[in-house]
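Working notes, beginning with the structure itself.
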Amino acid sequence: SDLRQMLATKSVENIQFLPFLTTDANNLSWLGYGCLKGDETVITVNAIGAALQTLYILVYLYYSPAKVGQGPGVMGRMGTLTLTSPCCPSQRPVLLQVLLLLAVVVTGCGYFTILVDTGTRLTHLGLFCSVFTISMYLSPLADLAKVVRCKSTRCLSFPLTVTTLVASSSWTLYGLQLHDPYITVPNVPGIVTSLVRFWLFQRYRPEQDKPY
């Protein structure tokens, strides 16, 4: 897994930070939905997920270039992470993303607690969670296009792809059982994008990647 890789190499080379952040925000959103609905399954799964993603974020920050300096394929510069792989050109201020997540969480809590009527709070939060989950599943499409252009899957995580397929399929079936469209619909894109990633792994095998 990505966590084992970070602990083993003491670096964040070829590991993207944004998926950790968006998944943590997604877990926190669904945790709130589960609490409002009183669904113990949603509460338990997303509480564990939020805790694990927070752990991943802390480990990532600890081994970020600002801590370990410059390494192969990674360059630290004032808290900014640069991945030199041509498939994953990225230069994002990591700490700024964390602060942005905190701002979104605080704003969301304030909005759904103060501004939204109690009777429609569950509907509003369910719609928000659905849109956020769909956008999270569809956000890697740009990276998938880059994979096709450079014919390399180095910037894709195979374990994450497997986990996404299993999780999205499970939640889709769970939502169908509960007749809850807010759970069912947003997880369908996760199945589709995971299948596309599997095809890319088959089409551009890692051993075929050119050294950079």
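For the residues G38, G76, G71, G126, the requirement of being modelled with pLDDT of 50 or more and surrounded by 15 or more Cβ atoms within 10 Å (Cβ to Cβ) singles out G126. Picking from residues in the stretch 9-35 that are in a helix (DSSP H, G or I) and farther than 29 Å from A142 by Cβ, the one that is modelled with the lowest pLDDT is C35. Condition (residue is at pLDDT 75 or above and under 29 Å from L127 (Cβ atoms)) applied to the stretch 144-155: is it met by at least one residue? Checked the stretch 144-155: at least one residue is at pLDDT 75 or above and under 29 Å from L127 (Cβ atoms).
When the criteria are applied in full, T120 meets the requirement of being modelled with pLDDT of 65 or more and closer than 22 Å to V185 by Cβ. Listed by position, the helices (runs of 4 or more DSSP H) contained in the stretch 104-209 that have at least 1 residues being closer than 19 Å to D24 by Cβ, polar (S, T, N, Q) and free of Cβ contacts under 8 Å to residues at least 60 places away in the same chain are 121-138, 158-178, 181-203.
Would you tally the residues in the stretch 133-157 being over 21 Å from E13 (Cα atoms) and surrounded by 18 or more Cβ atoms within 10 Å (Cβ to Cβ)? Qualifying residue count for the region: 3.
In the stretch 1-44, what residues are of a type in the set (K, R) and in contact (Cβ under 8 Å) with a residue 12 or more places away in the chain? Those that are of a type in the set (K, R) and in contact (Cβ under 8 Å) with a residue 12 or more places away in the chain: K10, K37.
The values are calculated or read from the model by the stated rules, or taken from the named source; none is laboratory data. Predicted model, so just to flag it, every value in this text is computed and none were measured. Because the Cβ atoms are built from the backbone with ideal geometry, glycine has one as well, and the counts that use them run over all protein chains shown.
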